[in-house]
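The values are calculated or read from the model by the stated rules, or taken from the named source; none is laboratory data. From a predicted model like this one, the values you see are computed outputs, not experimental measurements. No Cβ is skipped: glycine too gets one built from the backbone with ideal geometry, and neighbour counts run over all protein chains shown. For accessibility, only protein heavy atoms count, side chains too; no ligands or nucleic acids. Shrake-Rupley method; radii C 1.70, N 1.55, O 1.52, S 1.80 Å.
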Amino acid sequence: MPLLRERGFTLMELLMVMAMIAILLGLGAPAFQSSLERNRMQTAVSGLAGVLAFARAEAVIRTQPVGLCPTLNDVDCSGSNWENGMLVFVDDGDGAGASELDGSFDGNEELLRIVDAAPVDITIRTTGFINTSSLVFTDSGRVLQSANGTLTVCDGRGVSDARALIVEVSGQARMAVDGDGNGVVQDHTASGGADVVCP
């Protein structure tokens, strides 16, 4: 009767396989992390564009001004850090007329949407608008403040990976581009814009 041999890996073979797996994981992890960061940024920018489009559309449909503002507690407007969450509401000017529209939710106005906080490590800041803590669309869809502005979205990678949405006086939002080829997108300012900055 022939002897049966047991088959399996030797300790040396097992160690070599484990070393190769560790090397492959070490090479793949940075690419995976970079992919996660890009996806997180894209999610934040797409979400912001959707909120702006919603607010503008509601203003036109309702023929009433609609405001957006940052919030910390989902109850009132607070601060100028838009990444903490936002409120979208009908800005009735507290019954004092259009000149009193302030983009501030007073609790008696109709709340249209509460926007969740952006993903971790994302910041959203405004520049160019008269008020950095609110944005109001009129019943024609135009920006009440009659000023172009930029909403800049940054993460821990810095300004070279920042994205921005430029909101024209018409109320239309568009993606900022890197017009001068230096690796940083430009804001709303005249003559090609200035590079956006991150906090």
Q. In region 128-143, what residues are open to solvent by less than 20 Å² (accessible area, probe 1.4 Å) and either assigned to a loop (DSSP other than H, G, I, E, B) or of a type in the set (S, T, N, Q) (or both)?
A. Phe129, Ser134, Gly141
**Q.** Condition check for Ala59: surrounded by 14 or more Cβ atoms within 10 Å (Cβ to Cβ), closer than 19 Å to Met175 by Cα and touching a residue at least 40 places away in the same chain (Cβ under 8 Å)
**A.** no
Q) Got at least one residue in region 173-193 being in a loop (DSSP other than H, G, I, E, B), more than 13 Å from the chain's Cα centre (by Cα) and among the hydroxyl-bearing types (Ser, Thr, Tyr)? A) yes
Q.
I'm trying to understand the selection: among the residues of region 158-172, which are aliphatic (A, V, I, L, M) and surrounded by fewer than 19 Cβ atoms within 10 Å (Cβ to Cβ)?
A. Val159, Val169
(Q) Going by what's in this entry, would Asp139 be described as modelled with pLDDT under 85 and more than 15 Å from Leu72 (Cα to Cα)? (A) no
(Q) Looking at region 120-141, I want the residues that are touching a residue at least 12 places away in the same chain (Cβ under 8 Å) and have a partner that is of a type in the set (Lys, Arg) and buried (at least 18 other Cβ atoms within 10 Å of the Cβ) with Cβ atoms under 8 Å, at least 6 apart or on another chain. Which pairs are those? (A) Thr132/Arg125; Phe137/Arg56; Gly141/Arg56
Q: Show the residue pairs that are 6+ apart or on different chains and have beta-carbon atoms under 9 Å apart, the first residue being within region 151-178 and of a type in the set (Lys, Arg), the second being surrounded by fewer than 18 Cβ atoms within 10 Å (Cβ to Cβ) and not in a loop (DSSP other than H, G, I, E, B).
A: Arg157/Ser34; Arg157/Glu37; Arg163/Gln42; Arg163/Met175
Q. Restricting the search to region 110-127, which residues are at pLDDT 90 or above and either of a type in the set (Phe, Trp, Tyr) or open to solvent by less than 50 Å² (accessible area, probe 1.4 Å) (or both)?
A. Leu112, Val115, Ala118, Ile122, Thr123, Ile124, Thr126
**Q.** Residue list for region 174-190, restricted to those being touching a strand residue (DSSP E or B) at 6+ places or on another chain (Cβ under 9 Å), of a type in the set (A, V, I, L, M, F, W, C) and surrounded by fewer than 19 Cβ atoms within 10 Å (Cβ to Cβ)
**A.** Met175, Val177
(Q) So, Ser146, is that one assigned to a loop (DSSP other than H, G, I, E, B), in contact (Cβ under 8 Å) with a residue 24 or more places away in the chain and farther than 28 Å from Ser35 by Cα or not? (A) no
Q: Considering each residue of region 43-77, count those that are touching a Gly at 6+ places or on another chain (Cβ under 8 Å), over 16 Å from Thr123 (Cβ atoms) and part of a loop (DSSP other than H, G, I, E, B), and give that number.
A: 5
